[in-house]
1. Which of (1) open to solvent by 60 Å² or more (accessible area, probe 1.4 Å); (2) at negative phi is the odd one out, the single condition Ala133 does not satisfy?
2. In this structure, does Pro90 turn out to be under 17 Å from the mean Cα position of the chain (by Cα) and not in a strand (DSSP E or B)?
3. Going by the conditions given, is Ser104 open to solvent by 10 Å² or more (accessible area, probe 1.4 Å), outside any strand (DSSP E or B) and more than 15 Å from Lys176 (Cβ to Cβ)?
4. Is the range 83-91 home to any residue that is without any contact (Cβ under 8 Å) to a residue 60 or more places away in the chain, at positive phi, hydrophobic (A, V, I, L, M, F, W, C) and surrounded by fewer than 21 Cβ atoms within 10 Å (Cβ to Cβ)?
5. Specify the residue that is nearest to the chain's Cα centre (by Cα); the eligible residues are those in the range 139-153 that are among the aliphatic types (A, V, I, L, M) and assigned to a strand (DSSP E or B).
6. Mind checking whether some residue in the range 22-35 is touching a helix residue (DSSP H, G or I) at 6+ places or on another chain (Cβ under 9 Å) and polar (S, T, N, Q)?
7. Name every residue in the range 22-46 that is assigned to a loop (DSSP other than H, G, I, E, B), over 21 Å from Ala66 (Cβ atoms) and either among the small types (Gly, Ala, Ser) or open to solvent by less than 70 Å² (accessible area, probe 1.4 Å) (or both), in order of residue number.
8. Among what's in the range 300-328 and is part of a strand (DSSP E or B) and more than 19 Å from Met343 (Cβ to Cβ), pick the residue that is most open to solvent (accessible area, probe 1.4 Å).
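The values are calculated or read from the model by the stated rules, or taken from the named source; none is laboratory data. Note that the structure is a prediction, hence the values are computed from the model and not measured. A quick note on method: Cβ atoms are made from the backbone with ideal geometry, for glycine too, and the neighbour counts reach across all protein chains shown. Remember, those area values only see protein heavy atoms, side chains included, never the ligands or the DNA or RNA. Shrake-Rupley method; radii C 1.70, N 1.55, O 1.52, S 1.80 Å.
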Amino acid sequence: MGDPYWGWLSAGLHLAGGDGSTSFPEVKGNSFTRTGAVAISTAQSRFSSEGSCYFPGGSSDRLVCAAAPAFGMSSGSLSVAFSIRPDVLPSETVRLFMIGNDASPSSLTVEIGTSGSLGLGLPMSGQWIWKNALVAAGVWQDFEISVYGGTGFMFKDGVLAHTQAGMAMPVSGGSKRMLIGSDDAGVNGLSGRFKGYLSEVRFMAGVGRNAADFPAASAPFPEGLELHASKAYAPKPLVVSSPSAWKAVAREPAGLLIDTDNGGRGRVVGTTKNVGTPNYPVARRVRLLRKRDGALAREVWSDAAGNYQFNRVRHDVDYVVMAHDHTGLYNAVVADTVTPELMP
């Protein structure tokens with residue numbers, strides 16, 4: 001699977017791994033490090049046996065990413081999604097996420113209140129989407145908060161829980177830092193420390209993700225663009241033209257073109273698609289590479305329906321099919337060890 005919003009993703013952390021690990025890989029290349037005793041624990045897993053990030057609730061327990069351009073919010077739309085299992089509800093409001101600094105008017109926080117309330121907003125300006133009694137202790141729950149041009153949408157386990165109009169989100173770009181687990185500003189009443197488990201964190205600084213109910217997650221969030229490769233049949237033509245009238249013409253002498261390196265009786269057929277609901281086809285440049293040495297054997301563009309086809313390639317070797325996104329939103333996607341079908 002792939003993520004149709006991959007190009008807009010600012011940060012993505014599965015927060016999974018081996019028990020006791022203090023490494024927190026981020027899928028877009030940002031560097032998150034811990035302060036305090038934060039570590040991966042296999043005591044609780046959002047998905048089977050993957051572990052999750054445990055925050056003991058100490059005074060300095062948090063994950064920190066230094067200021068980066070990826071966190072600069074400039075469009076008025078954004079999205080934060082995460083899975084959470086608190087051990088207890090906080091005795092003082094927890095700033096689970098802080099993007100920026102407390103004294104900056106363009107900084108954003110996601111907060112959990114003492115009664116299980118959940119909110120996203122700007123501490124300096126008072127623009128919030130907030131829902132009481134939404135977070136529970138001792139169970140896994142998935143949350144997403146998305147803002148589209150002034151309207152906020154809050155989801156729990158894929159179900160819309162609350163909407164809020166009149167939300168003026170940050171429109172100032174530039175680099176910002178990101179804190180997870182607690183804020184370090186020392187603001188009275190807002191200095192709680194999260195105690196519990198966290199996983200599957202995604203943040204998009206410029207685009208909202210959902211505005212209506214969506215299926216609850218059944219696996220870790222997907223990465224990249226999806227490529228579908230198949231071998232069994234040729235694509236149907238998009239347009240079928242009528243046969244033209246017969247016309248007698250002189251036959252040209254037959255020519256002979258032989259691809260001595262890559263020619264053969266094989267065929268590789270497939271489609272290029274972006275992942276959505278449903279998946280939708282896209283035209284992309286597709287390359288066929290010999291698996292053994294990476295040499296380029298063929299290159300084509302898929303059509304508007306996503307169909308591509310490589311004819312008369314060697315049938316006795318394996319290939320790698322690679323699709324490239326010329327729009328720059330997605331990384332290349334690879335289908336490995338593709339064996340050609342024999343042509344009829």
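1. The number of the failed condition is (2).
2. Considered against the rule, which asks whether it is under 17 Å from the mean Cα position of the chain (by Cα) and not in a strand (DSSP E or B), Pro90 comes out as no.
3. Numbers: open to solvent by 10 Å² or more (accessible area, probe 1.4 Å): yes; outside any strand (DSSP E or B): yes; more than 15 Å from Lys176 (Cβ to Cβ): no.
No.
4. No, the conditions are met nowhere in the range 83-91.
5. Applying the first criterion (among the aliphatic types (A, V, I, L, M)) to the range 139-153 yields 139, 145, 147.
Pick out the ones that are also assigned to a strand (DSSP E or B) and you get 145, 147.
On the way: Ile145: 15, Val147: 17 Å.
Taking the candidates together, the pick is Ile145.
6. yes
7. Passing the criteria: Ala43, Gln44, Ser45, Arg46.
8. Among residues in the range 300-328 that are part of a strand (DSSP E or B) and more than 19 Å from Met343 (Cβ to Cβ), the one most open to solvent (accessible area, probe 1.4 Å) is Trp301.
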